[in-house]
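First the structure, in the form of structure tokens, and then the observations on it.
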Amino acid sequence: MLTVAELPELQNRRSEKWSGHAPGVIASTVAEMDFDLAAPIARVLHDAIDRSDLGYAFEETEPLKEAFTGFASRRLGWTVDPDRITLAPEVLAGLIELCLALAPGGSIGFATSAYPPFITQIPQAGLRTVLLPLRPDGWFDLERLGAELRNGLKVLVLTNPHNPTGRVLPREELEQIAELCASYDAWVLADEIHAPLVLPGAKHVPWLEVSDAARACGFSLISASKAFNIAGLKAAQIVTAANRAQDVVRRLPYTAEQAGLLGVLAAEVAFSQCDDWLDAVLRQLDDNRAYLRDNLPDGITWTPPEATYVGWLDCRGLGLDEEPSDFFLRRAKVALAPGLDYDPAASGFVRLNFGTGPKLLEELVSRLHSSLE
Ligand SMILES: Cc1ncc(COP(=O)(O)O)c(C=O)c1O
């Protein structure tokens with residue numbers, strides 16, 4: 001059963017999405033959902049607190065591995081070897097550790113628009129970024145990737161499903177990326193954190209199921225954090241297929257102790273006992289996507305996402321003389337994520353988070369309309 005908090009309760013939340021806004025603002029920024037936790041997750045967290053069981057996570061997380069392999073097989077058609085799953089605190093931390101291990105002092109390529117920490121944190125880790133703008137049709141720009149590989153690029157971070165566009169890359173495109181990267185002996189870090197959130201009409205092909213080339217050069221980074229709305233709990237998985245990739249993971253300097261025990265416990269039940277809850281979330285997100293398709297104000301265009309709960313909105317048709325995120329915050333009391341955070345070329349875009357209930361989404365859309373009158 002899926003329930004969603006009302007605005008006053010949401011405003012009491014202490015998470016990033018709901019913090020730091022003026023009273024009455026609807027937050028539609030950070031990728032957190034407004035639904036109440038799945039009951040098995042709430043239970044396992046309450047039980048751990050009742051036991052005062054808040055110590056370090058144990059590195060040998062066999063029950064989590066078992067839960068994840070079951071989930072991967074059942075929901076993603078992906079056969080995972082449990083011995084090739086390594087605990088990490090987060091997808092982002094795992095990605096950065098891998099980038100540092102694979103290209104010390106070097107360059108990391110990724111498509112733009114992109115999850116903002118790729119743009120800010122990869123340089124903070126002492127690495128250069130190589131931005132690979134998506135083609136106007138949303139496809140990966142293989143020619144540009146080829147040129148960068150010829151220039152010596154050795155690591156590609158590939159977000160699939162993509163954030164912020166919500167596009168799910170088809171197998172054919174993934175195969176081409178894998179062939180190209182493998183032919184230059186470059187690595188692919190597949191960020192598949194949104195894979196459990198593929199919406200009706202699309203199908204996710206896990207990177208390590210794409211081809212021999214993908215398995216040879218790839219890592220998958222995935223977590224229960226987005227799909228089950230537990231990003232603050234800190235537990236993610238790095239999965240490999242090739243021995244040489246597993247050797248890299250084994251040598252990573254962080255330890256599984258950086259993952260949170262509550263995250264491990266929650267992920268275990270998320271992956272094994274929460275399919276019904278996740279199905280209800282996907283139904284609600286599908287409805288929300290349809291609602292937005294029919295009700296966004298004229299002048300805003302988008303390609304409805306195939307996965308996750310974010311819409312990448314092109315507001316340039318509104319003819320505003322300021323960034324739309326500033327306009328809508330001031331005039332509509334709706335906080336949207338500024339496009340420029342995702343892509344230095346995305347002036348006039350915003351990312352809308354529709355991981356909420358129908359009532360709040362209708363209120364949000366109605367505020368957008370009123371602000372434009
Ligand atoms: C593409 C992508 N990667 C990584 C993350 C962050 O994941 P984590 O909290 O596990 O680092 C997000 C969060 O929204 C994301 O969208």
| message | Quick test for you: out of V210, V205, V198, pick the one residue that is closer than 30 Å to L285 by Cβ and within 15 Å of the ligand (Cβ to nearest atom). | response | V198
| query | Do we find a residue being within 18 Å of R351 (Cα to Cα), open to solvent by 50 Å² or more (accessible area, probe 1.4 Å) and not in a loop (DSSP other than H, G, I, E, B) anywhere in region 309-317? | reply | yes
| query | For region 1-45, what are the residues that are surrounded by fewer than 12 Cβ atoms within 10 Å (Cβ to Cβ) and either under 23 Å from the mean Cα position of the chain (by Cα) or within 16 Å of the ligand (Cβ to nearest atom) (or both)? | reply | T3, R14, S19, G20
| In region 211-234, what residues are open to solvent by less than 10 Å² (accessible area, probe 1.4 Å) and not aromatic (F, W, Y)? | A214, C217, G218, S220, L221, I222, S223, A224, A227
| message | Just to be sure I understand, how many residues within region 46-57 are touching a residue at least 60 places away in the same chain (Cβ under 8 Å) and open to solvent by 30 Å² or more (accessible area, probe 1.4 Å)? | response | 4
| message | Quick check on my filter: what residues within region 65-96 are in a helix (DSSP H, G or I), within 15 Å of the ligand (Cβ to nearest atom) and surrounded by 22 or more Cβ atoms within 10 Å (Cβ to Cβ)? | response | F68, V91, G94, L95, I96
| said: Name the single residue that is most open to solvent (accessible area, probe 1.4 Å) among those in region 144-165 being assigned to a loop (DSSP other than H, G, I, E, B) and touching a helix residue (DSSP H, G or I) at 6+ places or on another chain (Cβ under 9 Å). | reply: K154
| request: Please specify each residue of region 242-263 satisfying the condition of being surrounded by 17 or more Cβ atoms within 10 Å (Cβ to Cβ) and touching a strand residue (DSSP E or B) at 6+ places or on another chain (Cβ under 7 Å). | output: A245, Q246, V249, A256, A259, L261
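The values are calculated or read from the model by the stated rules, or taken from the named source; none is laboratory data. In this text, all values refer to a predicted model and were calculated from it rather than measured experimentally. Quick reminder, even Gly has a Cβ in these numbers, built from the backbone with ideal geometry, and neighbours come from all protein chains shown. Each accessible area value is taken on the protein alone, full model and side chains, heavy atoms only, with ligands, DNA and RNA left out. Shrake-Rupley method; radii C 1.70, N 1.55, O 1.52, S 1.80 Å.
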